[in-house]
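Here's the structure we're looking at; comments come further down.
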Amino acid sequence: MKNDNEMNKSLFLEQLGDTPQLRVLDFLIDNHFFDFPITAIAKGSFVSYNSLRKFFPSMINSGVVAITRRIGKSDYYRLNINHLFVKNLMRLDWSLALSGGKNNSTDEIPVLA
C-alpha cells in the first residue's frame with residue numbers, strides 16, 4: 001500500500017521528479033503566503049529534518065528562501081516570490097495545474113528572462 005505522499009503527488013513532482021529539494025519547493029510554492037519554521041517545512045514536504053538541514057542553507061544563500069521572522073529560538077522561512085527563479089517555478093506550477101498534466105506541445109508558456 002502506498003503512503004499518502006505517493007498517492008497525492010502533485011503534477012509539479014510528477015513532471016520534474018520526486019527529490020527532497022523539489023518536495024520542499026513544491027510545499028513552499030503551494031503555501032507561498034505563509035512562513036514556517038524549518039521543522040514544519042520538513043513535515044509538510046515529507047522530507048526528513050536531517051536531509052532538509054543539508055540543503056536548506058543553499059536555498060537561503062541563493063535567495064530562493066528568505067527568513068521572515070524569529071520567534072523564540074526558531075527562525076521562520078518563506079518562499080521569496082520576488083526571486084526570478086521562483087517566479088518562473090510558480091508560473092510552471094500554475095501552467096501544469098491548468099493543463100492537468102496533459103502534453104500540450106502546441107501551447108506556448110511565456111518565461112521571464
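Structure data summary
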quantity: Near pairs, Cβ below 7 angstrom, 6+ apart or cross-chain, from segment 8-21 (farther than 15 Å from M90 by Cα) to any residue that is among the β-branched types (V, I, T); calculated: P20/V47
quantity: Residue check for V64: in contact with a His (Cβ under 8 Å, 6 or more places away or on another chain) and either under 18 Å from I81 (Cα atoms) or surrounded by 16 or more Cβ atoms within 10 Å (Cβ to Cβ) (or both); calculated: yes
quantity: Flag for I71 being surrounded by 17 or more Cβ atoms within 10 Å (Cβ to Cβ) and either of a type in the set (V, I, T) or modelled with pLDDT of 90 or more (or both); calculated: no
quantity: Residue check, E14 in a helix (DSSP H, G or I), modelled with pLDDT under 90 and either surrounded by 17 or more Cβ atoms within 10 Å (Cβ to Cβ) or of a type outside the set (S, T, Y) (or both); calculated: yes
quantity: Filter result (modelled with pLDDT under 90 and over 18 Å from L96 (Cα atoms)) within segment 17-58; calculated: none
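The values are calculated or read from the model by the stated rules, or taken from the named source; none is laboratory data. Here the structure is a predicted model, which is why all the values come from computation and not from measurement. Because the Cβ atoms are built from the backbone with ideal geometry, glycine has one as well, and the counts that use them run over all protein chains shown.
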